[in-house]
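Data first, discussion second: the structure below is written as structure tokens.
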Amino acid sequence: MRSLISQYLSEIDRFTTQSADELEQFRIRYLSKKGLIPALFEDFKNVPPEQRREIGQALNDLKNKAQEKVTLLREQIEAGTSEQKGETDLTLPVDYLQLGSRHPLSIVREEIIRIFARIGFVVAEGPEIEDDWHNFTALNFQPDHPARDMQDTFFIESNPDILLRTHTSSVQIRAMETRKPPLREIYPGRVFRNEAISARAHCIFHQVEGLYVDHDVSFADLKQTLYYFAHEMFGEGTEVRFRPSYFPFTEPSAEMDVTCFVCGGKGCPICKYSGWVEILGCGMVDPSVPENCGINSNEYTGFAFGMGIERITMLKFRIQDIRLFFENDVRFLKQFTGAV
Ligand code: PHE
């Protein structure tokens, strides 16, 4: 067996051709069902156990070599035929490989993760295909709750329980169902909504969710954490303000604005002359939510927040149209390397 393997190896090594027919014969000889290599695999049954490891490895290598040879020669033959058709000017400079760059959304997502990592938040993820319980019901969106209207998504007809998640808050539920407090976690991920695509909205976008559940977590902890985040993300001089808001799974709920970092709060088209831009939703975890997950809400309290990565990236880099993130135009994508 060993000598056959090394014989075939050197034959395969030496083989070359420019003819598609010859290549096909080569393939049939070694790799087809009744070819030489499958025959060796057949004989492998009779190899004594102590040699199996070594011979098995050699056999697999042989098969890979043969397959690689076929692929390589096939590519060469195809390239050759197209070259014969067109005119190849061998004096032209070669195409060089362009170095890629990070997508602006990845740059900002990683920056957010780094900022929260410094104060002990760990990253976790959840599925993009969710069920009604994790995306809605466990977060207090009852089946007829009007807040569901704002988060219409994509369902499948055969099973309306399955949907594409509309927010990363579903990961809060998965976390509280599977892990015990203290929880100090952030959840980056892709989310989906049934929205008409425009310069400001897309049916696919990204969020980062944060959840902190422990003994005695207060609104002061929420404010200080997000204040720290705003400073790290947008600069030392940044002010924050909280406006009352509503989410079914937090009570009280708030929206956080930061001073417009384009005009420094004086007023400009970006902040619509208000001096403030809205960047996230947040609130104290409603006690019913941990209860839904089997956590005693008399013992534990928490806060949560969620922000849109596209929104923050657009504000930070002054990008006017959300569709640019999804078009994969390298002239756009390569402008952000080293930007943060
Ligand atoms: N999930 C909310 C949204 O997508 C944001 C949010 C997250 C609000 C966590 C409060 C707490 O609009």
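The values are calculated or read from the model by the stated rules, or taken from the named source; none is laboratory data. It should be emphasised that the depicted structure is a prediction, and the values quoted were computed from it without experimental measurement. No Cβ is skipped: glycine too gets one built from the backbone with ideal geometry, and neighbour counts run over all protein chains shown. Accessible surface is based on the protein model in full, side chains and every heavy atom, while ligands, DNA and RNA are left aside. Shrake-Rupley method; radii C 1.70, N 1.55, O 1.52, S 1.80 Å.
Points worth noting:
- Only a single item in (1) within 11 Å of the ligand (Cβ to nearest atom); (2) of a type in the set (Val, Ile, Thr); (3) assigned to a helix (DSSP H, G or I) is not met by ILE173, and it is number (1).
- Per the listing ASN292, ASN298, the residue uniquely within 30 Å of THR137 (Cβ to Cβ) and either out of contact with any Ser or Thr (no Cβ under 9 Å at 6 or more places or on another chain) or away from the ligand (no atom under 16 Å from the Cβ) (or both) is ASN298.
- Scan of region 17-37 for residues that are modelled with pLDDT of 90 or more, of a type outside the set (A, V, I, L, M, F, W, C) and open to solvent by 60 Å² or more (accessible area, probe 1.4 Å), ordered by number: ASP21, GLU22, GLU24, GLN25, ARG27, ARG29, LYS33, LYS34
- Number of positions in region 160-181 that are surrounded by 14 or more Cβ atoms within 10 Å (Cβ to Cβ) and either closer than 18 Å to GLU299 by Cβ or among the charged types (D, E, K, R) (or both): 8
- The numbered conditions (1) assigned to a loop (DSSP other than H, G, I, E, B); (2) out of contact with any Ser or Thr (no Cβ under 8 Å at 6 or more places or on another chain); (3) within 16 Å of the ligand (Cβ to nearest atom); (4) open to solvent by 70 Å² or more (accessible area, probe 1.4 Å) are all true for PHE141 except (4).
- The test for being in contact with a His (Cβ under 9 Å, 6 or more places away or on another chain), open to solvent by 60 Å² or more (accessible area, probe 1.4 Å), over 18 Å from VAL213 (Cα atoms) and not β-branched (Val, Ile, Thr) holds for ARG109.
- Subset of region 153-170 [within 22 Å of the chain's Cα centre (by Cα) and in a strand (DSSP E or B)]: PHE155, ILE162, LEU163, LEU164
- Unmet criterion (only one of (1) over 19 Å from the mean Cα position of the chain (by Cα); (2) surrounded by 15 or more Cβ atoms within 10 Å (Cβ to Cβ); (3) under 28 Å from ASP257 (Cα atoms)) for MET150: (2)
- Here ASP43 meets each of (1) in contact (Cβ under 8 Å) with a residue 12 or more places away in the chain; (2) open to solvent by 90 Å² or more (accessible area, probe 1.4 Å) with one exception, condition (2).
- Close pairs (8 angstrom Cβ cut-off, 6 or more residues apart or separate chains): within 16 Å of the ligand (Cβ to nearest atom) and modelled with pLDDT under 90 in region 144-163, open to solvent by 90 Å² or more (accessible area, probe 1.4 Å) and in a strand (DSSP E or B) anywhere: ALA147/TYR246
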